[in-house]
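Novice: One structure, pasted below without further comment.
Bear in mind these aren't lab numbers, they're just calculated from the coordinates by the rules spelled out. If you're wondering where the values come from, they're calculated on a predicted model, not measured in any experiment. Cβ coordinates were reconstructed from backbone atoms using ideal geometry, including for glycine residues, and neighbour counts include every protein chain displayed.
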Amino acid sequence: MTTFNELGISDSVLQALLKMGFEEATPIQTQTIPLALEGFDVIGQAQTGTGKTAAFGIPMIEKIDTEFRKIQAVVVAPTRELAIQVAEELNRLGRTKGVRAVPVYGGANMDRQIRSLKEGSHIVVATPGRLLDHLRRRTLRTDYVKFAVLDEADEMLNMGFIDDIRDILKAIPEERQTLLFSATMPKEIREIATTLMKDPKEVKVKAKEVTVENIDQYFIEVPEKYKFDTLTNHLDIYAPTLSIIFSRTKKRVDEITEGLQARGFRAEGIHGDLTQGKRMSVLNKFKSGRVDVLVATDVAARGLDISGVTHVYNFDIPQDPESYVHRIGRTGRAGRTGEAISFVTPREIGHLRLIERVTKSKMKRLMPPTNQDARRGQQQVTISNLQKIIEGQDLGTYQEAANELLEEHDSVTVIAAALKMLTKERKDIPVRISSIQPISVKSGGGGRSGDRRRRSGSGGSSSGQGGKRFYGQGGRSRKGGGGSSQKRRYQD
């Protein structure tokens, strides 16, 4: 993993990325951004969900002159849904610098779109048919366009837009820089790359499949503000021997670590700002069992090879499937079983399904554990410890004192007092974690494009999976359907 800091990005864009909760670049971003910043045309072969929008969006935003209120970049996307989502992400990436993107697509009011184009946008994100409509009407001028992107080019080929793409590129000044992204490279797309692009550099990223079969994968749908309490409740119920918690930013790693420590957990955090000496010290504590919860960013956890990790928590769902595979691979090693639990906000369910499709893995739904579940979980840990002592140690020296207690109190009261004394009750300390924006799914398929054409193929989406277990009342795991029929305990 590479940090965005290492890619030569300006402070204004880095600020926007930080607000979005991103510090580490995905492989497609790591390879594409430096080439695009240098001015090369780029052919990127990557699937949906690998971070393509930022891969072309960051260099595009860097090159836009915000003082010049004309369209300087064009992004062509296959569907209205994708055009809207890409425009939204570009607006988030460009907000600090003052770059504005506007979506243009069929099926929407033409006059309203014309007004939006006249309001001084810098980037237009459009579906092919509607973009050609504006070009023919001359309501969109390309005289100052210096950056063109074809997103999901093979999808546009499948939908019959290949001639439109050629016409659009021919209408944009030849001095432009062109980036083309496609999951596959059929001959028609390759022909566009060779005839309408200038000596393009090729970048190829293939999403990995999950190959570790002994990892049980789960997700908990929970609003952002309840994530931390959900995490500590889960830790109390299952008392993992060693667990790693992944977060997207260094700031959140620090906040989660401090919050866990405040509530009595033996936790330490690692991220890129730590010295090598401090990082090694934390890892040694974790390996030796002096710390049983490690909080980390992807970059800091690169190359970690620690045996005995029983649980991996994705406190923040990663932005691409490859990062997900890398994270959960920290558990389930050396023939042992492991669990991976991802916390997703309601708006991120689509992104979770995308990760499932790309990695060809399924996550089972868990219900968020309650505070009552956690208290019973803590008590169960104490009961288990007592049973081990009863079964494995000589209690003769304690029996006289026990008999004296039982002469004054009944046995249930004595045992309850012992449980209370030995149970590690968590301090009810409020913990505030800085919020970050949810990751929206980028989908190029499913339904009409809004350009008077219908897709030749079906979109195909992954439906919710039945849950192997979920948290019910009383802190016990139950078997049953955990899909969309389950009621969420937390509501926004």
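Novice: To the nearest 0.05, how large is the calculated FRET efficiency for Arg138 and Ser435 if R₀ is 41 Å and r is the Cβ-Cβ distance? Walk me through the numbers before you get to the answer.
Specialist: On the way: r = 44 Å, r/R0 = 1.07.
Once the sixth-power term is evaluated, E becomes 0.40.
Novice: Read phi for every residue in segment 236-250 and hand back ³J(HN,Hα) as whole Hz from Karplus 6.51 cos²θ - 1.76 cosθ + 1.60, θ = phi - 60°, with x for Gly and Pro.
Specialist: Using θ = phi - 60°, the values come out as 5, 6, 9, 6, x, 5, 9, 9, 10, 10, 9, 10, 7, 10, 4 Hz.
Novice: Right, something else. Hey, how many Å between the Cα centroid of segment 190-263 and the Cα centroid of segment 1-24?
Specialist: Spelled out, the Cα-based centre of one part sits 17 Å from the other.
Novice: Could you sort the peptides 40-51, 190-201 by per-residue average Cβ neighbour count (10 Å cutoff), highest mean leading?
Specialist: Numbers: 40-51: 23.1, 190-201: 15.2.
Most protected by this proxy first, the peptides run 40-51, 190-201.
Novice: Can you work out the Karplus-derived ³J(HN,Hα) for every residue in segment 29-46? Use 6.51 cos²θ - 1.76 cosθ + 1.60 with θ = phi - 60°, whole Hz, and x for glycine or proline.
Specialist: 5, 4, 7, 7, 4, x, 5, 5, 5, 7, x, 6, 6, 9, 9, x, 9, 7
Novice: Here's another thing I want to ask about it. Would you calculate the separation in nanometres between label points at Lys187 and Asp394, each defined as 7 Å from the Cα along the Cα-to-beta-carbon direction?
Specialist: Going from the Lys187 label point to the Asp394 one covers 8.6 nm.
Novice: OK, next. Taking the Cα of Ser307, stepping 7 Å toward and past its beta carbon, and measuring to each backbone N in segment 266-287: which are under 14 Å?
Specialist: Residues passing the 14 Å test: 287.
Novice: On to the next question. Cα centroid distance between segment 341-369 and segment 388-419, in Å?
Specialist: Between the Cα centres of segment 341-369 and segment 388-419 lies a distance of 47 Å.
Novice: Starting from the Cα of Ile415, step 7 Å along the direction of its Cβ; do the same at Arg115; then give the gap between the two resulting points in nm.
Specialist: Here the modelled spin labels are 7.4 nm apart.
Novice: Can you say what percent of the DSSP beta bridges in segment 2-204, counting only those with both residues inside, are antiparallel? Round to 5.
Specialist: On the way: 2 of 26 bridges.
Given both bridge residues lie in segment 2-204, the antiparallel proportion sits at roughly 10 percent.
Novice: Another one. Skipping prolines and chain starts, which residues have an amide H placed within reach, meaning under 5 Å, of the one on Val102, given they are 5 or more residues away or on another chain?
Specialist: Long-range HN contacts for Val102: Ile123, Val124, Val125.
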